[in-house]
Structure formats: structure tokens, C-alpha cells
Amino acid sequence: VIDGAKGVEPQTRKLFKVCALRNIPIFTFINKMDRETRDPLELCEEVERELGIDTYPVNWPIGSGKEFAGVYDREKRCILHFTDEGHAKKAGITEIELDDPALVDLIGQKRRDTLADEVELLGAGRDFDLDAVRCGKLSPVFFGSAPVDGRALTTLGVEPFLNAFLEMTTPPLPRVSDAGEVDVYSPEFSAFVFKIQANMNKAHRDRLAFMRICSGKFERDTEYYHIQSGRKMR
């Protein structure tokens, strides 16, 4: 997730290095388009320059800040836009071609002309390659406005991003362990403890384990075998 005003930040670089080492697919969501942001093309170029990965804008913003009217889906050729209802703004989807005269009524002449020019410019860029996405070589880019810490001036573009994420990513892969591969569809519960945090409260001898479920379903108050200790734990 990249702040549309700040661009690529130090923490993003750290996370990217971890993903790149493991060829993990990287999806980019450029957020806060409902506020004043940098130029979208400049942001895509910065992602490529700073992170060393190609980008492909799946959708494109229509304005930014107070002028933010929605996003244009390049493949479906439809617009996810805002509709005014009283004092609230709600998202609506309209399937419409860029040369349709009705588009002017929907987003205004100036934004329509700017959008048409930018989409034409994007058409001269690289093609979409799903295999490159799944290998972590090409990052699909989405624009929108998502809640941050429970706050957002508007919320738009999140659902299309999640739907595209499900379509483009692979199913969960087996976990490779010392005991062999763990089948993700196995009904037997298994998990990988990746972090232990202790002594959070000096008044107590507390310890908290974080784990990623690899198969099955976790059930409370059930005894599970702990490989390192060689015994069962509740």
C-alpha cells in the first residue's frame, strides 16, 4: 500500500526485499486518491525505479483530491465513480466507452479529456502478463481510497482490488517443513509458529506465540503435538 502523496517509503522497501527474495507476487494499491497526491504516472515510475519491478496499471484514477471522481477499469472498460446522495458520496459502476458522449455528463469534459489522453498513453506501455505477476516480476497497480486507521474521506476501489487479487493469485501452496510438504487441504490441523513475544508486562510471566495455519482448523482447548518438545500441548 503506497500513500499517493508520499510515494515509496522506507518500510515499503524493507517489505519488498522480503517478497523479492521469495518471488512472492506483489500487488500495489496506491491509496488516498481522495486527497492531494502526486502524478499517477510519476508514482508508477517511482515504484519501478525504487523497487526494481515492472508495473501494470489495472485501473486509472479520474482526478485526485477534491476532484477525485473515481477510477477507470482498463480491461472491463467501465468506470467506478462517485454519485452524490445528499451529503454522502456513494460508489456506482457505469460501463461506458471513453468516446461515449454520456461520459462527459458523468465526470465532466475536463476530466474526460484528461482520462482519454492518459489511457491512450498507457496503451503504448507494456502488456499484462499473468505469469510475470505470479513470479513477482510484474506488479498490478490499483488506485483508490481505502480506510486508514478506520478513517477515510471516501472509500472507493477496494472491492475491485480484492476481486482482482483473488483472480490473479495462485491458491495456497503447500508448506515445506522438515517433515515434508504439508497439504493445505488436509483436515489435520498444523501450524507454523513464526514469532514469540515475551515479557510484555513486567508484572506477569507472559508469553504469546503467533502462528500461521498451514492446514486444518484450529480449535481452542485441543491438544496438539509440538514437534520441537516432542509432547502434546493444550
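Details
- Matching residues, the stretch 196-219, being in a loop (DSSP other than H, G, I, E, B) and either touching a Gly at 6+ places or on another chain (Cβ under 7 Å) or farther than 30 Å from Asp183 by Cα (or both): Asn199, Met200, Asn201, Lys202, Ala203, His204, Arg205, Asp206
- When Gly108 is tested against (1) at pLDDT below 85; (2) surrounded by fewer than 17 Cβ atoms within 10 Å (Cβ to Cβ); (3) more than 26 Å from Ile53 (Cα to Cα), just one condition goes unmet, and that condition is (1).
- Total residues in the stretch 1-10, condition in a loop (DSSP other than H, G, I, E, B), of a type in the set (Val, Ile, Thr) and surrounded by 17 or more Cβ atoms within 10 Å (Cβ to Cβ): 1
- One residue alone among Val184, Val176 is aliphatic (A, V, I, L, M) and part of a loop (DSSP other than H, G, I, E, B), and that residue is Val184.
Per-residue answers, yes or no, for (1) in a strand (DSSP E or B); (2) under 26 Å from Asp117 (Cβ atoms); (3) at pLDDT 90 or above; (4) not hydroxyl-bearing (Ser, Thr, Tyr):
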{"site": "Thr12", "(1), (2), (3), (4)": "no, no, no, no"}
{"site": "Cys19", "(1), (2), (3), (4)": "no, no, no, yes"}
{"site": "Ile24", "(1), (2), (3), (4)": "no, no, no, yes"}
{"site": "Asp34", "(1), (2), (3), (4)": "no, yes, no, yes"}
{"site": "Arg38", "(1), (2), (3), (4)": "no, yes, yes, yes"}
{"site": "Val47", "(1), (2), (3), (4)": "no, yes, yes, yes"}
{"site": "Thr83", "(1), (2), (3), (4)": "yes, yes, no, no"}
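- Any hit, the stretch 159-178, residues being open to solvent by less than 90 Å² (accessible area, probe 1.4 Å) and farther than 30 Å from Val141 by Cβ: yes
The values are calculated or read from the model by the stated rules, or taken from the named source; none is laboratory data. Worth saying up front: this structure is predicted, and the values here are computed from it rather than measured. Don't worry about glycine lacking a Cβ; one is built from the backbone with ideal geometry, like all the others, and counts go over all protein chains shown. All accessible areas refer to the heavy atoms of the entire protein, side chains included, with ligands and DNA or RNA removed. Shrake-Rupley method; radii C 1.70, N 1.55, O 1.52, S 1.80 Å.
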